[in-house]
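J.: Starting off with a structure, shown below.
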Amino acid sequence: MTHVGYVAVTWGLSFVLIGGYALTLVARGRKLSRQVPPEARRWS
Amino acid sequence: MWRDAALVAGRDLRIEGRSRVAISQVGPFALLVLVLFAFALDPERGVLERATAGLFWVAVLLSAMLTLGRSAALDEADGVRDGLRLSGLDPGGIFLGKALAVAAQLLALEVVLAAGVIILYDAEPTGIALLVATCLSATAAVAATGTLYGALVSGLRVRETLLPLLVLPALAPVLIGATRAFESALGGVPAEGWPWCGLLAGFAVFYSLAGALAYGALLEGS
Amino acid sequence: MTAIAPDPTGPGRSAAASGPGAAGAGPATTGSPGSRALGIAALAAVALATLYGLALSPADVEMGDLVRLMYVHVPSATACYLGCFITTAASGLWLWKRTPGWDVLAGAGAELGLLFVVITLVTGSLWGRPTWGTYWTWDARLTSTALLAVLLVGYLALRRLDLDPDARSARVPILGLLLMPNVFIVSRSVEWWRSLHQRATITTLHPQIEGDLMVALMTGFLAVTLVFAWLLLHRFRVGWLEYQAQRLDLDQALDARRSEAGAGASRPTGDEEVAK
Amino acid sequence: MPVVHLSAAVALLGRFPALAGVDLDVARGEIVLLRGPNGAGKTTLLRACAGLVPIVRGEAIVLGQDLRRNPRAVRRRVGLLGHATGLHDDLTVGENVRFWARAAKADDADVQAALGVVGLDGRLREVEVARLSAGQRRRTALACLLARRPELWLLDEPHAGLDADARDTLDSLIAQAAAQGATVILSSHELDRAESLADRAVDLVNGTTSPVAPPAAAPAEPATPVAPVASERPDAPPEPGDTPAGAPEAPAEEAHHVA
């Protein structure tokens, strides 16, 4: 495989960015869910 | 609506004429930018001549930020916004009036800057009609866009810093179009510049309409 | 996308409907049976895309293995335009309907747009370095993408300032409504500008992709789309929770206001009719 | 039909309910004084009547228009004199008054008359507002209001910053306007002066029209400190019928203050 470094950095960075964003979203969701009465979370 | 626009434009221009900020500060600032460009880009190497059109419009945009900031600040003084809401003036008319006042100031500024680039950068205009048309349409575009975005950030504490961040990317097409048209008019082929001039005119019409429609809703938000 | 069914009056109702009886069960999260299914599908698609993109598909004849960057780059660019489109559409719907869900959706779209535009720019420059020998070139697409990023940053900056949902003015939705037209005008003018000077230097940005490479690109699209949908769903729910947490309980506030201590009348409240 | 009809009106400043249930009915030609301590919501009530602060709950009819649906139809017929004057510092007195008058489609004769009434038609007319004293600024703002010939006058502490002569002029202007059919709502800390000017007074406490005790009861109540009553009343905005129920509130507050 040529340009292994570029391929690895591209895919790795994308995984880190999206995964990190997803984790912060879940964490924020958990924190806020505790502040809000359950009836406000109409999806659960 | 046009009556209201004339009334508001008259007020803004009268205040600017009275306070002389445009003449005593914005104009000199624009010329200073031209001089700074000369320091940054060595005049001996011919960079200035090739970049004249772009430098001219960058100087216009930077100075326009000051003019737009002042235009927005006028309505934030001491209950003026409440007065406008109570006045019964048509919001679209207020928008057009403010944009017209800004456009008039920018046109005056461009005359000064044009003299500046002719003297300082040794520019030689060839297509006068294209130059004038470009100035008019680009100025209308900058004034309409800037007045709309000025209303978008009005009343916020960070207004002065947020306005350039929002308005400059939106004005990127104006900078591109006006610069290309000017390049054609300054020693290029004028015929190549007219399509850009058309783009500028279309941009100006779009933002004038958007501003006239949106201004009422923006005036409501406190 | 369809999983959240932008319904301002009942966000996520479709997801809730898919899992009846789940109310109150489990820890308090933004997850729901629907979103979990979507998440599993997204993870599977990501695994598939990784498998195809990095292992199963062959290298391109011209680009070699650099083509594997495209499987991330191109779907990300599409996703960021999708985010902008959602912001503009939701802003317009907010101005029309004035229900808070659309405003939350507009913010979610812009935030996801920014995430994917960053990925697009980073992967684009990483691709440019070995291809053109430089991380940045004034290519039309790169330049207009960079401007798109600045437009999104500006929108989110204004949004951050204007948080109070009850006293929300129209300025954020109006800026959101202008986002897509701005993106369009900017990218058209930048492309026109660049096409005058550089003779299509970068048409190789999207070379002919066929066969197995096409399959790999398609799995990339599938993965990014599903991930985008999952993120949008959760971002929407987080935004909705923020709105609920900030929302004024008006009845409570009114009672508190009427019973404020210490601010009582400092004068006798005498005759209503004042002697003239 | 009353010029102003508010029923259980609620208005928010940001997230703070500055008006927490106001009932107010003002007939044409009346002069009504709003009384209340600082922070009672007087300014917000006046601004809400002008359509500048949205009413989010309750009924609000001003000048025959539903304020919640169509505030813009009300605004041009209202004159508001607030703490902020709405004047441009770089324009002269005459230019300011003419701008606002022409915005309201009044003509130059109205401008001249208004400037004459407030005593600014002389040399001061050509002076830039930035160089005026606070009292002169307020007189200029009053001239702007007069020139627009509003049907409803909303005056937020109009006496503040004026000298004795100007106050007398203002009072006679208000009385004259009311006699000619304009309606006036004002707040003032000059209570003696304002009470003699007004037809009646409305008390505002904690953002609500506090119920008024019967004349005899107020001073006679024993000074027993009682916790504020309002918290025990879970029912929403006070209806007109609430008045007797809330009656103890006023003496209780007073006793609190005395103690």
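The values are calculated or read from the model by the stated rules, or taken from the named source; none is laboratory data. Just so we're clear, the structure is a prediction, and the values are computed from it rather than from any experiment. Note: ideal-geometry Cβ built from the backbone for every residue, glycine included; neighbour counts use all protein chains shown.
J.: Look through C:Val186, C:Val172, C:Val117 and report the one residue that is outside any loop (DSSP other than H, G, I, E, B) and touching an Asp or Glu at 6+ places or on another chain (Cβ under 7 Å).
T.: Answer to the selection: C:Val172.
J.: Would you mind stating whether B:Leu68 is under 30 Å from D:Ala50 (Cβ atoms) and of a type outside the set (Asp, Glu)?
T.: Yes; evaluated as a whole, the condition is true for this residue.
J.: Right, next: How many residues, within the stretch A:1-32, are crowded, with 19+ Cβ neighbours inside 10 Å and in contact with a Pro (Cβ under 8 Å, 6 or more places away or on another chain)?
T.: Here the count works out to 2.
J.: A further question follows. Return yes or no: is D:Val74 closer than 23 Å to B:Asp75 by Cβ and modelled with pLDDT of 90 or more?
T.: no
J.: Taking the stretch D:35-82 on its own, how many of its residues are among the aliphatic types (A, V, I, L, M) and within 17 Å of D:Pro2 (Cα to Cα)?
T.: 12
J.: Of everything in the stretch D:107-122, what is crowded, with 20+ Cβ neighbours inside 10 Å, assigned to a loop (DSSP other than H, G, I, E, B) and within 14 Å of chain B (Cβ to nearest Cβ)? Give them in sequence order.
T.: Passing the criteria: none in range.
J.: Restricting to the stretch D:141-200, name every residue that is small (Gly, Ala, Ser), more than 19 Å from D:Pro37 (Cβ to Cβ) and buried (at least 23 other Cβ atoms within 10 Å of the Cβ).
T.: Passing the criteria: D:Ala141, D:Ala143, D:Ala147.
J.: Could you list, ordered by first residue, the pairs with Cβ atoms under 6 Å in which the first is in the stretch D:40-60 and assigned by TED's automatic domain parsing to the domain that holds D:Asp23 and the second is assigned to a helix (DSSP H, G or I), at least 6 apart or interchain?
T.: Listed by first residue and then by second, the contacts come to D:Gly51/D:Pro71; D:Gly51/D:Val74; D:Gly51/D:Arg75; D:Leu52/B:Asp82; D:Val53/D:Thr44; D:Val53/D:Arg47; D:Ile55/D:Ala48.
J.: Looking at (1) over 17 Å from A:Phe15 (Cα atoms); (2) small (Gly, Ala, Ser); (3) free of Cβ contacts under 8 Å to residues at least 40 places away in the same chain, which is the only condition C:Gly113 fails?
T.: Every condition holds for C:Gly113 apart from (1).
J.: If only one of C:Ser169, C:Ser144, C:Ser91 is within 30 Å of D:Ala18 (Cβ to Cβ), touching a residue at least 40 places away in the same chain (Cβ under 8 Å) and either out of contact with any Pro (no Cβ under 7 Å at 6 or more places or on another chain) or within 14 Å of chain B (Cβ to nearest Cβ) (or both), which one is it?
T.: C:Ser91
J.: Another question, then. Quick one: B:Ser63 ticks every box in (1) within 23 Å of the chain's Cα centre (by Cα); (2) closer than 30 Å to D:Leu52 by Cβ bar one, so which box is it?
T.: (2)
For every residue, the table says whether it meets (1) within 25 Å of A:Val16 (Cβ to Cβ); (2) surrounded by 24 or more Cβ atoms within 10 Å (Cβ to Cβ); (3) touching a Gly at 6+ places or on another chain (Cβ under 6 Å); (4) at pLDDT 85 or above.
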position	(1), (2), (3), (4)
C:Trp138	no, no, no, no
C:Leu163	no, no, no, no
C:Leu178	no, yes, no, yes
C:Ile185	no, no, no, yes
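J.: Being among the small types (Gly, Ala, Ser) and free of Cβ contacts under 8 Å to residues at least 60 places away in the same chain is the filter here, so list the residues in the stretch B:12-28 that pass it.
T.: Selection gives B:Gly17, B:Ser19, B:Ser24.
J.: With the requirement that a residue be more than 7 Å from every other protein chain (Cβ to nearest Cβ), under 22 Å from the mean Cα position of the chain (by Cα) and crowded, with 21+ Cβ neighbours inside 10 Å, what does the stretch C:50-75 give you?
T.: C:Met70, C:Tyr71, C:His73, C:Pro75
J.: Of everything in the stretch D:51-94 that's at the interface with chain B (Cβ under 7 Å from one of its Cβ atoms), touching a Lys or Arg at 6+ places or on another chain (Cβ under 8 Å) and outside any loop (DSSP other than H, G, I, E, B), which residue is surrounded by the fewest Cβ atoms within 10 Å (Cβ to Cβ)?
T.: The qualifying residue surrounded by the fewest Cβ atoms within 10 Å (Cβ to Cβ) is D:Arg75.
J.: Out of all the residues in the stretch B:119-136, is one or more of a type in the set (Gly, Ala, Ser) and not in a loop (DSSP other than H, G, I, E, B)?
T.: yes
J.: While we're on this one: Given (1) touching a residue at least 60 places away in the same chain (Cβ under 8 Å); (2) more than 9 Å from chain C (Cβ to nearest Cβ); (3) part of a helix (DSSP H, G or I), where does D:Ala194 come up short, assuming only one miss?
T.: Here D:Ala194 meets the rest and fails (2).
J.: In addition: Does B:Gly177 fit the bill of being surrounded by fewer than 19 Cβ atoms within 10 Å (Cβ to Cβ) and either assigned to a helix (DSSP H, G or I) or under 17 Å from the mean Cα position of the chain (by Cα) (or both)?
T.: no
J.: Do you know which of the residues in the stretch D:28-50 that are outside any loop (DSSP other than H, G, I, E, B) and of a type in the set (Lys, Arg) is farthest from the other protein chains (Cβ to nearest Cβ)?
T.: That would be D:Lys42.
J.: On to the next question. Looking only at the stretch B:1-28, which residues are exposed (fewer than 14 other Cβ atoms within 10 Å of the Cβ) and away from chain D (no Cβ under 11 Å)?
T.: B:Trp2, B:Ser24, B:Pro28
J.: So, one more: Identify all residues within the stretch B:30-41 that are exposed (fewer than 14 other Cβ atoms within 10 Å of the Cβ) and in contact with a helix residue (DSSP H, G or I) (Cβ under 8 Å, 6 or more places away or on another chain); write none if there are none.
T.: Result: B:Val35, single match.
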